[in-house]
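Engineer: Take a look at this one; I'll ask things after.
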Amino acid sequence: MAAFLQALVFVVTPYNFLLLFIGVAGGVLVGSLPGLTGSVGVILLLPFLFYVEQANALIMVSGMFCGAIYGGAISAILVATPGTPSAAATMLDGYPLAQKGEAGKALGVATIASTCGGIISVSALILVAPQLARFALRFGPPEYFALMVFALTIIASVSAASLVKGLLAGFFGLLVGTVGLDPLMGYSRFTFGIPRLLTGFPMLPVLIGVFAISQLLVQLEKVGSKAIVPPQKLTNVLPSRSELKSLIRVIVPTSVLGTMLGIIPGTGGAIASFWAYSEAKRFSKEPETFGTGNILGIAAPEAANNGTTGGALVPLLTLGIPGDVVTAVILGALMVVGIRPGPMLFRDQPEMINALFVSLIFAQFLILAIGLLSVRVLPKVLKTPPYILFPIILALCFIGAFSLNNSPYDMLIALVFGVIGYFLNKHGFPPAALILGVILGPLAEGHLNRTLITTHGDWTVLFRPPITTVFYILAALSIIYALKGAAAVKKRAGLVNNNSGG
């Protein structure tokens, strides 16, 4: 209790609370702009993280994460364009309700559901994460290598559209991660005689290029099609007492569902939101009203996708495993500023973890306040002209790349990987698979080297500890699940083609 009170005092100081507010408000803003996902928001925040303490950096990043997940609902409701993938299910009833002139109520319901989902997920994070971290402290290099193998199978999970393309992108990421000096023997790998490549590709410029600059290039193709925000009735934001009772009965179970799915690597908010939407519709007394502006169809996916935020932070903070695209970017961002997620973080810096827990709780109430008080401002944000917005974002990207080593070379790396990320997006290769390979590949290699050095090259030690067997089994199950998902996608595509041909 004393540690939490100390963390509370730390967070509520004006300077720290201002940084948290900037993170949450920035996340809401970025999430509400179509095309700028939470991963882009975290990357745009990076240049500022070098000028704050590590605890503040962790707080700002987590605030950006939570705010962006909520912000995606704003454009989904107002212009039928989800700002984040997890808000796609919110659009199914949010936009029809807005078309009826009740956008204010739709935004109010989304805000309340997001806040409740976030609070429940953060509560689960506070209860589960320390226990899991305490267990993970028993891990040695063989266990960590098996854990990294399991984490790398997430590449297959984020490649539902095309498993082959996802694996190719992941292998390319692993290849990028091997460029530079071999950590064990010290000889150069894939440097082609270029001295700059001896240190490998800096992670920050790679992240900026693959996610932020590539997204700008993709969005530039859509500059001609301007989003039109129709006139809306932005009053009566809060639901009535009877509506609130019906909402609570949906919000609580879908928040728990989202939290549970968030803990499982490779799921994410999109899966949780659509699952929650289908379950809310199944148990509704009026399922035929879903898709026509039912407020339960807004509350269920919003509670679930915000429930994944705290859940996704459980494996990220305790084991260093990113559960989805955004947490993969968060992992890279934290490593850039010197924070290494994992059980050692809980043991060596518990005050930082406690400050994070407290700030996440405050972040949910900031989302509630920002969402309800800025209802009249939000439609105007969506009208920001691209010729104003895009140059600002591009400038922030290059500033972030330059700020790492004060080197124009890093800006060039960001631009090159921006073009690579654009190519991946255009041809159906998931950029997240590349980033997972870049981040997790060197970690797996490092743990493998340490294992073989301490055992004098005995490979069998990788399979002796019981926990390694569990991780290998989980990795196999993850691949099987991904293969089944890819087969289902292919089957649905075949049915669509047959129906269109018939």
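The values are calculated or read from the model by the stated rules, or taken from the named source; none is laboratory data. For clarity, every value in this text was computed on a predicted model and none was experimentally measured. Because the Cβ atoms are built from the backbone with ideal geometry, glycine has one as well, and the counts that use them run over all protein chains shown.
Engineer: Among the candidates Pro301, Pro385, which residue alone is under 30 Å from Ala106 (Cβ atoms) and surrounded by fewer than 16 Cβ atoms within 10 Å (Cβ to Cβ)?
Structural biologist: Values: Pro301 fails: surrounded by fewer than 16 Cβ atoms within 10 Å (Cβ to Cβ).
From the options Pro301, Pro385, the qualifying one is Pro385.
Engineer: Moving on. Which one is surrounded by the fewest Cβ atoms within 10 Å (Cβ to Cβ), of the residues in segment 6-37 that are in a loop (DSSP other than H, G, I, E, B) and touching a helix residue (DSSP H, G or I) at 6+ places or on another chain (Cβ under 8 Å)? Before you say what the answer is, go through the steps one by one.
Structural biologist: From segment 6-37, those in a loop (DSSP other than H, G, I, E, B) are 13, 33-37; that's our starting set.
Pick out the ones that are also touching a helix residue (DSSP H, G or I) at 6+ places or on another chain (Cβ under 8 Å) and you get 33-37.
Values: Leu33: 24, Pro34: 21, Gly35: 18, Leu36: 26, Thr37: 28.
Here the residue is Gly35.
Engineer: Go through segment 215-257 residue by residue and tally those that are within 30 Å of Leu396 (Cα to Cα) and either modelled with pLDDT of 80 or more or of a type outside the set (Gly, Ala, Ser) (or both).
Structural biologist: Quick first cut of segment 215-257, residues within 30 Å of Leu396 (Cα to Cα) only: 215-229.
Then keep just the ones that are either modelled with pLDDT of 80 or more or of a type outside the set (Gly, Ala, Ser) (or both); that gives 215-223, 226, 228-229.
So the answer is 12.
Engineer: Can you tell me which residue is nearest to Ala272 (Cα to Cα) among those in segment 84-104 that are under 19 Å from the mean Cα position of the chain (by Cα) and surrounded by 24 or more Cβ atoms within 10 Å (Cβ to Cβ)? I'd like the intermediate steps shown before the answer.
Structural biologist: So in segment 84-104, the residues under 19 Å from the mean Cα position of the chain (by Cα) come out as 84-90.
Right, trim to surrounded by 24 or more Cβ atoms within 10 Å (Cβ to Cβ) and you get 84, 86-87, 89-90.
Details: Thr84: 13, Ser86: 8, Ala87: 10, Ala89: 10, Thr90: 12 Å.
Checking each candidate, the answer is Ser86.
Engineer: Quick one: is Ile439 at pLDDT below 85 and among the β-branched types (Val, Ile, Thr)? Break it down stepwise before answering.
Structural biologist: On the way: at pLDDT below 85: yes; among the β-branched types (Val, Ile, Thr): yes.
Considered against the rule, which asks whether it is at pLDDT below 85 and among the β-branched types (Val, Ile, Thr), Ile439 comes out as yes.
Engineer: With respect to the numbered conditions (1) surrounded by fewer than 24 Cβ atoms within 10 Å (Cβ to Cβ); (2) over 16 Å from Met60 (Cβ atoms), which one is the sole condition not fulfilled by Pro322?
Structural biologist: (1)
Engineer: Right, next: For the subset of segment 336-348 comprising residues that are touching a residue at least 60 places away in the same chain (Cβ under 8 Å) and under 12 Å from Leu317 (Cβ atoms), which member is surrounded by the fewest Cβ atoms within 10 Å (Cβ to Cβ)? Show your work before the answer.
Structural biologist: Looking only at segment 336-348, we keep the residues that are touching a residue at least 60 places away in the same chain (Cβ under 8 Å), and these are 336-339, 342-347.
Then keep just the ones that are under 12 Å from Leu317 (Cβ atoms); that gives 339, 342-346.
Numbers: Ile339: 21, Gly342: 22, Pro343: 21, Met344: 13, Leu345: 20, Phe346: 22.
Within segment 336-348, the match that is surrounded by the fewest Cβ atoms within 10 Å (Cβ to Cβ) is Met344.
Engineer: Still on this structure: Select from segment 150-171 the residues that are part of a helix (DSSP H, G or I), surrounded by fewer than 20 Cβ atoms within 10 Å (Cβ to Cβ) and at pLDDT below 85 and list them in ascending order. Give the steps one after another, and end with the answer.
Structural biologist: Kept after step one, since they are part of a helix (DSSP H, G or I), are these residues of segment 150-171: 150-152, 154-157, 163-171.
Filter again for surrounded by fewer than 20 Cβ atoms within 10 Å (Cβ to Cβ), leaving 164-165, 167-168, 171.
The answer is Val164, Lys165, Leu167.
Engineer: Could you check, for segment 362-375, whether at least one of its residues is surrounded by fewer than 16 Cβ atoms within 10 Å (Cβ to Cβ) and closer than 28 Å to Pro315 by Cα? Full working, then the answer.
Structural biologist: Of the residues in segment 362-375, the ones surrounded by fewer than 16 Cβ atoms within 10 Å (Cβ to Cβ) are 365, 369, 373.
Cutting the leftovers down to closer than 28 Å to Pro315 by Cα gives us 365.
Yes, segment 362-375 contains at least one residue that is surrounded by fewer than 16 Cβ atoms within 10 Å (Cβ to Cβ) and closer than 28 Å to Pro315 by Cα.
Engineer: Could you identify the single residue in Pro141, Pro82, Pro130 that is modelled with pLDDT under 80 and not basic (Lys, Arg)? First the steps, then the outcome.
Structural biologist: Values: Pro141 fails: modelled with pLDDT under 80; Pro130 fails: modelled with pLDDT under 80.
Matching residue, one of Pro141, Pro82, Pro130: Pro82.
Here's the yes/no breakdown for (1) farther than 30 Å from Ser214 by Cβ; (2) within 22 Å of the chain's Cα centre (by Cα); (3) among the acidic types (Asp, Glu):
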| residue | (1), (2), (3) |
| --- | --- |
| Pro341 | no, yes, no |
| Met352 | yes, yes, no |
| Ala369 | yes, no, no |
| Tyr387 | no, no, no |
| Ile393 | no, yes, no |
| Asp410 | no, no, yes |
| Val416 | no, no, no |
| Ile420 | no, yes, no |
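Engineer: Tyr422: of a type outside the set (D, E, K, R) and exposed (fewer than 15 other Cβ atoms within 10 Å of the Cβ), yes or no?
Structural biologist: Working: of a type outside the set (D, E, K, R): yes; exposed (fewer than 15 other Cβ atoms within 10 Å of the Cβ): no.
So Tyr422 does not fit the description; no.
Engineer: Listed residues Ala355, Ala312, Ala328; which is touching a Gly at 6+ places or on another chain (Cβ under 7 Å), assigned to a helix (DSSP H, G or I) and at negative phi?
Structural biologist: Details: Ala355 fails: touching a Gly at 6+ places or on another chain (Cβ under 7 Å); Ala328 fails: touching a Gly at 6+ places or on another chain (Cβ under 7 Å).
Matching residue, one of Ala355, Ala312, Ala328: Ala312.
Engineer: Residue by residue through segment 176-209, note down the ones that are more than 24 Å from Pro47 (Cβ to Cβ) and touching a residue at least 60 places away in the same chain (Cβ under 8 Å).
Structural biologist: Thr178, Pro183, Leu184
Engineer: Could you give me the residue pairs with C-beta distances under 8 Å whose first residue belongs to segment 438-461 and is touching a residue at least 60 places away in the same chain (Cβ under 8 Å) and under 27 Å from Ala333 (Cα atoms), whose second residue is charged (D, E, K, R) and in a helix (DSSP H, G or I) wherever it lies, and which are 6+ apart or on separate chains?
Structural biologist: none
Engineer: For residues that are assigned to a helix (DSSP H, G or I) and among the small types (Gly, Ala, Ser), scanning just segment 274-298, find the one that is surrounded by the most Cβ atoms within 10 Å (Cβ to Cβ). Explain how you work it out, then say what you get.
Structural biologist: If we filter segment 274-298 for residues that are assigned to a helix (DSSP H, G or I), which is where we start, we get 274-282, 287-289, 296-298.
Cutting the leftovers down to among the small types (Gly, Ala, Ser) gives us 276, 278, 280, 297.
Values: Ala276: 31, Ser278: 14, Ala280: 27, Gly297: 29.
Filtering segment 274-298 for residues that are assigned to a helix (DSSP H, G or I) and among the small types (Gly, Ala, Ser), the one surrounded by the most Cβ atoms within 10 Å (Cβ to Cβ) comes out as Ala276.
Engineer: While we're on this one: For segment 172-203, which positions are under 20 Å from His447 (Cα atoms), among the hydrophobic types (A, V, I, L, M, F, W, C) and exposed (fewer than 15 other Cβ atoms within 10 Å of the Cβ)?
Structural biologist: Matches in segment 172-203: Leu184, Met185.
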